[in-house]
Amino acid sequence: MIAVSTANGYILFFHIISSRGDKYLYEPVYPKGSPQMKGMPHFKEEQCAPALNLEMSKILDLQAPIMSLQSVLEDLLVATSDGFLHLIHWEGMTNGRKAINLCTVPFSVDLQSSRGSFLGFTDVHIRDMEYCATLDGFAVVFNDGKVGFITPVSSRFTAEQLHGVWPQDVVDGTCVAINNKYRLMAFGCASGSVQVYTIDNTTGAMLLSHKLELTAKQYPDIWNKTGAVKLIRWSPDNSVVIVTWEYGGLSLWSVFGAQLLCTLGGDFAYRSDGTKKDPLKINSMSWGAEGYHLWVISGFTSQPTDIDADIRNIVKQPSILLFQFIKSVLTVNPCMSNQEQVLLQGEDRLYLNCGEASQAQNPKSSSHSQLKPSREKSPFTDGGFESQGLSTLLGHRHWHVVQISSTYLESNWPIRFSAIDKLGQNIAVVGKFGFAHYSLLTKKWKLFGNITQEQNMIVTGGLAWWNDFMVLACYNISDRQEELRVYLRTSNLDNAFAHVTKAQAETLLLSVFRDMVIVFRADCSICLYSIERKSDGSNTTAGIQVLQEVSMSRYIPHPFLVVSVTLTSVSTENGITLKMPQQARDAESIMLNLAGQLIMMQRDRSGPQIREKDNNPNQRKLLPFCPPVVLAQSVENVWTTCRANKQKRHLLEALWLSCGGAGMKVWLPLFPRDHRKPHSFLSQRIMLPFHINIYPLAVLFEDALVLGAVNDTLLYDSLYTRNSAREHLEVLFPFCVVERTSQIYLHHILRQLLVRNLGEQALLLAQSCAALPYFPHVLELMLHEVLEEEATSREPIPDPLLPTVAKFITEFPLFLQTVVHCARKTEYALWNYLFAAVGNPKDLFEECLMAQDLDTAASYLIILQNMEVPAVSRQHATLLFNTALEQGKWDLCRHMIRFLKAIGSGDSETPPSTPTAQEPSSSGGFEFFRNRSISLSQSAENVPPSKFSLQKTLSMPSGPSGKRWSKDSDCAENMYIDMMLWRHARHLLEDVRLKDLGCFAAQLGFELISWLCKERTRAARVDNFVIALKRLHKDFLWPLPIIPASSINSPFKNGKYRTVGEQLLKSQAANPFLSLEIDTGISNIQRSQSWFSNIGPTHHEIDTASSHGPQMQDAFLSPLSKGDECSIGSATDLTESSSMVDGDWTMVDENFSTLSLTQSELEHISMELASKGPHKSQVQLRYLLHIFMEAGCLDWCIVIGLILRESSIISQVLTISQSSEVDGEMLQNIKTGLHAVDRWASTDCPGYKPFLNIIKPQLQKLSEITEEQVQPDAFQPAAMGKTSEQTSPRAEENRGSSCHGSIPQIEAGSNSVVSRKEEDITSGDEEEHFQDGTYDCSVS
């Protein structure tokens, strides 16, 4: 029947009559060959729209406008505006019962009051009311704004038997809505807030549970301007409530007041240009099936007048809107709470946060992954069986969306339950009838083969996965029997493969814990089953046996009130005190959420504990349960895990509760340290509340994270055009997207423990999580939150927490970083308060230096700069600068140079940014000086060798370092910095650390050549050639030369072939590139097998006699090279001049080109190659050689020549010393040094002897030179070509004092000059440690 009320106080009753016969208004039409057959059960009811007739049966006149109509069981309850309540039978009869006058119903604060007062005003009437079946009464709102709850004292519904309770403080009520599952009454108020009340079980009084209200913090401009609450609607599953206000807007809240959505802020309220939108006004709204839809009838306000009049009329008309929602599986299938995935279900699709993992795993291994018999023993670290990886569950912000099979949905819409297995690889869904499941690995759905079987079962109590099985509680329609069924995922979906157990009563909830299934039934009993895998031959099924039944009827008033039931291993005793330790892992307790009250029933261990040898655990007698204990109120969801991990016991043995607007709570176990006996007076668990900013949908236990989902919006503003009315709604309402979100909660728990003086427990917990990647962030968050609260508090804090937190953080090695990061993210005003608790920043800075943590020290420097006088920060900066130089932290050095200048120039308002980490560099090795660089090359296959031109230019530095050396050079601050740099360079040279010197100069733009010129006779002298040589071998990873055993018979030794040093060719005076030019016509292949003559790097003929000897025809020098890279053997060209061969050029005769090498020759060659260092070291050494040549530090050139074992370098140096004004002291030093090396080679390193023999002639010449000095004007290059005149005057100036020591230009024709081409590598982010990277070489 339908009852309709009219404005004039009439109620019209209509009968609904279905027309007889098979008459349907609409029938579905399927294409031919469609699998949908008309013969399937329920086809007509499901697929066809019936033809119905309405027949008016009765009219009732109540003689006053009707305010509210409610169906109460068999009757209709009507409230009229004259203050009467009418109880009418559905047939339209009053049955002789008289109307109840509200003035005669007594009202009191609770039901225990002996006498209630009556409503003391005359025109009292009910404005809105709603019946609550689980509380057996109805909530009412009176016309004066008072609210109350009227309940019949006995079963008879008469005025004498009614009693009302009301809260004292509500006087502006406007409407009411009831949540039967949680026994809540939500009263809307004129102020815009919703007050949610519950009834106290003992006294019957109305207790305020929580309020739903917008806060000034979140909605500063609208929170008090919403107008009165207009409508409140609870969803069909009772998990959320939607509220709308008089001035428009929608908001969605969870049962206990967590806000999920509000359209009065953000994109809902503002356009992208910042203008405010009109909120959507709602006249009426109702939830659709399963809460996936919200139907809304909107009433629009009139639009601005500049829109055409006819459009305004269209917009004014109310329209029907349909909002779509997706919900968490936990709302309908709470057994999913032991999972770590977030699974959201919509009417035709599922959203998962774990889709990526399933594809990443191997499908073969995953299908048997749960066969491990001892699953409980495998801790989290054993691999992916028990928990998915953190990266998978956090992953990215997008969901994995699974579209539900349309074949299944066609006859079973909407989806009622869904569940995902532990590995996150399989999903099962339940619609109206039957169920279906989907594999994320194969991307396939599995449906019932027999549609009759599907349509014959209705799943009543949800479903859960157990390993590869789906466990579900259903009603068998044909047998009219409640059943518990288990289906195997891998077999066909058919009842033939199912294990079926009959049940006594309807199952309302089902959950799986390890190998047990717990079921809650409609007769308020709980049943525990054991489940095990059974294999008979090829057929695998699961067996189910009843273990234990527990009746709960004395504690549960109505079975519908039970929200969730779970088995857990949580108990008030923590494993240590149990008499049998393994029982800590058992199903210790049942957690029951009864209308938001969390009730725990533990096993009763008070009796004697019998240790029995149980071969079959299922036959073990299970202990009874103790009476229930209430753990918490206002609970929406509960999470526990059955995994164990000794390292993280706190987190894994805890119980996590979500409490709506009150945030979360954790029931944390407290463990005595080192397994000491716990104090009897200490509780073994503690309930800690904490607030998080997201709505929790899953808890990752080990990772200390909560996962959730959040509503995000995208604006449609681009659609909006002034003359189109149809698009207006899209503009008004943005596009909504559900996004994944997560939050750390560890700092909240640590803080709560510290507040309660449980520092030892906090430390144990923190240490167990110290390996988490975001643990430093946890400490920082905790420090920051406590600091903000206490430092900005208006009243003095009697017991401040900050000192405790500071002391706690010092227990961790990250203490110094945590403090400084917190300070840098906090405003300056709070620094004094912070450092009063954690210690003086000067001391902390010094601690950082002692711990070699320079980046953190740099952060403290910024704090010191703000808190101390400039002199102090300068002093500390100098300390840090020197340490950074010493450690080669170039990035930091550059920042420090800038910082010291800023202090010096008084520009201390802009503190330097501290380096976060070394930035990657584009060039390796010595990243060539910012202002001077060389281009190197290795392959030149297609360039004729005669075209190689080598040029050298010197230029002014450019970029920031250039400014430093030029513009500000007179500034005292720069002088101060330069002094430090010079001191460091001197220190490096004294320690023979050439590699570090090269890095230092390249990274900091230090003008090495000009400094070396000044220091030539002081720091840049080589005091001990042997030590220098050894140190270079070590630094550049250069092997010491050795003589192979077979070399005694080597043809190279026997004089059949003479070595290079003995035969130096006639040099530049003749044409030096002669042999190259002869070769230019030869193809590449031939060239690779031809042998070029060595180009002597000197300008004067050396050993002329031997070079004109009879063996001149044999003088083809063979580079033992890797192919056709032409090498030009000058010591200064810095191409890979002999990177292939490093000067080991040997004389061969013509027939050698047939490459018929004997064994001993091959050995010799391989020996020679083995005695080379890494290619990078070679380039670096040549580079340094270039620098020292230019600076005139000839003794260093000799050392590098020795290590490279190139006689050409030695002879070149000696040539320079012959022809230029080199002071005798340096020559004397070289001479004594070389003699020392000779002595050392004789005793310790015979591998050097062959080379020293080669350069003996030069040594003799050196002895002569030292006795008679060459005239200064004798130094003149062989021939200066045009190019030397082209050198820019600026470059000449820049060379300064280094000119006289520079290398004479090598000529090729007359137009090529050795050059280092300037590259602008001044950008500040190209740093890298000298040790990594590669040298990029190209011929210029």
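The values are calculated or read from the model by the stated rules, or taken from the named source; none is laboratory data. All values derive from a computational prediction rather than experimental measurement. With ideal geometry, Cβ positions are generated from the backbone for all residues, glycine too; neighbour counts draw on all protein chains shown. When the accessible area is computed, the model is the full protein with side chains, heavy atoms only, and any ligands, DNA or RNA have been set aside. Shrake-Rupley method; radii C 1.70, N 1.55, O 1.52, S 1.80 Å.
Worth pointing out:
- In range of the label at ASP523: residues from segment 448-489 whose backbone nitrogen is under 20 Å from the point 7 Å along Cα→Cβ: 460-462, 473-477, 479-485
- Summing charges over all other residues whose Cβ lies under 15 Å from the Cβ of SER634, with Lys and Arg as +1 and Asp and Glu as -1, gives +2.
- For segment 782-861, the relative contact order works out to 32 percent when only alpha carbon pairs closer than 8 Å and six or more residues apart are counted.
- Rounded percent of accessible protein surface that carbon and sulfur make up, segment 780-838, 1.4 Å probe: 52
- Calculated FRET value between ASN450 and LYS825, using beta carbons and R₀ = 56 Å, to 0.05: 0.30
- Accessible surface for segment 136-237, divided over its residues, is 39 Å² per residue with a 1.4 Å probe.
- Calculated from backbone phi, Karplus (6.51, -1.76, 1.60) coupling profile of segment 1256-1264 in Hz, x at Gly/Pro: 4, x, 5, 4, 5, 4, 4, 4, 5
- Ligands, DNA and RNA are left out, and with a 1.4 angstrom probe the accessible area of segment 466-531 is 32 Å² per residue.
- Here HIS691 and ASP843 are evaluated by their C-beta separation; at R0 = 41 Å the FRET efficiency comes out at 0.70.
- Distance between the modelled labels on ASP494 and TRP1240, one decimal in nanometres: 8.8 nm (7 Å Cα→Cβ projection).
- Charge dipole (segment 461-550, unit charges on Cβ, about Cα centre) - positive-most of ASN476, VAL512, ILE526: VAL512
- The share of accessible area on segment 159-296 that comes from carbon and sulfur is 51 percent, using a 1.4 angstrom probe.
- Dipole of segment 129-242, positive end: most advanced residue of GLY137, ILE222, PRO167 [Cβ charges, Cα centre]: ILE222
- Calculation over all alpha carbon pairs of segment 804-894 in 10 angstrom steps from 0 returns a P(r) of 16, 51, 28, 5 percent.
- Per residue, in Å², the accessible surface of segment 1173-1218 once ligands and nucleic acids are set aside, probe 1.4 Å: 10
- Approximate spin-label separation ILE458-ARG993, in nm, with each point projected 7 Å along Cα-to-Cβ: 8.3
- Mean Cα-pair separation over length for segment 389-525, i.e. relative contact order, pairs under 8 Å, 6 or more apart, %: 15
- In this structure, the pairs whose alpha-carbon distance is over 27 Å, taken from LYS217/LYS281; LYS277/LYS825; LYS58/LYS281; LYS276/LYS327; LYS217/LYS277, are LYS277/LYS825; LYS58/LYS281; LYS276/LYS327.
- Descending principal axes extents, segment 847-908, alpha-carbon based, whole Å: 28, 21, 14
- Centre-to-centre separation between the Cα atoms of segment 48-64 and those of segment 1201-1243: 120 Å.
- Applying 0.36 nm per residue to the separation of ALA7 and VAL401 and subtracting their alpha-carbon distance, the gain on full extension is 137.0 nm.
- Amide H contacts under 5 Å for ILE686, placed H, 5+ residues apart: LEU668, LEU670
- Couplings 3J(HN,Hα) for segment 262-277, derived from phi with the Karplus relation 6.51 cos²θ - 1.76 cosθ + 1.60 (θ = phi - 60°), are 8, 9, 9, x, x, 5, 5, 9, 10, 7, 5, 8, x, 6, 8, 8 Hz, where x marks Gly and Pro.
- Modelled label positions at LEU322 and GLU785, each set 7 Å beyond Cα in the direction of Cβ, lie 4.3 nm from each other.
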